[in-house]
Amino acid sequence: MMRTLTGYVSRLFLVHVALMMFSFVALLQLIDLLNNTDRLFDRHGNSFTVVVRYVGYRLPELTSFITPFAVLLGSLMVLSRLAQSAEVLALKAAGVSYYRLLLAFLPAGLLVAAFHFVMADQIAPVATRAMAEWDASADELAPDPKADPAAAVWIRDGQTLVRVNSVGRRGTLLNGVTLFERDANHDFRYRITAARAIYGEDGWRLYGVERFAPAPSASGIQRFSELPWETALLPTHFSNLAASPASLSLQQLRAFARNQDVGSHPTYFYETWVNRRMALPAISLIMVLLAAPVAQSLQRQRGVALGLVVGIGLGFLYFITDGLLQALGESGMLPPLLAAWSPMALFTMIGAASLIRVEGH
């Protein structure tokens, strides 16, 4: 009997989740296009293929973002439908408790959780990076005078500290490069600034170079049109550093979290993102747990419409809490483990307590 119930519930659940996901992603995609079409045409030309390409790049990120909402609303609709058609009552009469009914959601819930993780960790980062490179290809080689200094990339190469204002072309083009050379005692020796650095077959070359050495024996400021740059750093180092944490895979985030000498942020920032990425699969299961008491209680009162409103409110409340605690973790005010996992623990307790109250045991 449980196998039949699991198959029936799984089909309903997956269909409703897919429907919710398609509807909300289409709506968000439309709003996004209305806000960005002018910018797209100005940067990439007036062509329908530009719109299609942009939609393709944005689709994985939007799908990843909306999946928990789709699971929450899909669960509410399925559970409300089962309750309104007296199927929940029939199951209880046959000796199947409401908790066993929720257990039937587990296989489909795990499937959606795996889909969510793969989409967020593997597909969305690739699409986000591809869109960033597409936008960068429209930029001129000259450095952007409006570049935000706070967005600069820092990395250490032996005794040399490297600062880059902006990164383009998958890390092969660096704008606003500054090299701070130190000796074995970490004392400053000289500084090299370059308008840009380009990676080619013979390695890195600096263009528009100015070298400054404060030592009395040095010749002060020297200028060169171009110079070779001997370094072990590769374009991938800079492209990963310049990327936002959302566009990095779990493996890349762990690499930054393990190495305190590499990264544009402290290690606890990346550790927060590592824990948050690992916690992603649990979100779908928590959404089902939150939907269960709402559907069971509101079905007895005012129907599905109010249940959907309450469900959306719960979803927003969860993501507001999650975003607030993540910000505290990124700033170092909370331990990364606590910042990433405490929202799930809190809402799991809320869902379980509400379900026990509704069911009476």
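The values are calculated or read from the model by the stated rules, or taken from the named source; none is laboratory data. These numbers were taken from a predicted model, which means no experiment stands behind them. Don't worry about glycine lacking a Cβ; one is built from the backbone with ideal geometry, like all the others, and counts go over all protein chains shown.
Candidates are the residues of the range 197-221 that are modelled with pLDDT under 90 and charged (D, E, K, R); the one that is nearest to Thr231 (Cα to Cα) is Asp202. Being closer than 22 Å to Pro335 by Cβ and surrounded by 16 or more Cβ atoms within 10 Å (Cβ to Cβ) holds for only one residue in Tyr199, Tyr270, and it is Tyr270.
Residue-by-condition table, conditions (1) modelled with pLDDT under 90; (2) outside any helix (DSSP H, G or I):
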{"residue": "His265", "(1), (2)": "yes, yes"}
{"residue": "Ala282", "(1), (2)": "no, no"}
{"residue": "Ala291", "(1), (2)": "yes, no"}
{"residue": "Leu306", "(1), (2)": "yes, no"}
{"residue": "Leu325", "(1), (2)": "no, no"}
{"residue": "Gly351", "(1), (2)": "yes, no"}
{"residue": "Ser354", "(1), (2)": "yes, no"}
{"residue": "His361", "(1), (2)": "yes, yes"}
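Here is the figure for the range 218-248: residues that are of a type in the set (A, V, I, L, M), in contact (Cβ under 8 Å) with a residue 40 or more places away in the chain and surrounded by 12 or more Cβ atoms within 10 Å (Cβ to Cβ) total 7. Residues that are among the polar types (S, T, N, Q), touching a residue at least 24 places away in the same chain (Cβ under 8 Å) and not in a strand (DSSP E or B) occur in the range 269-279; there is at least one.
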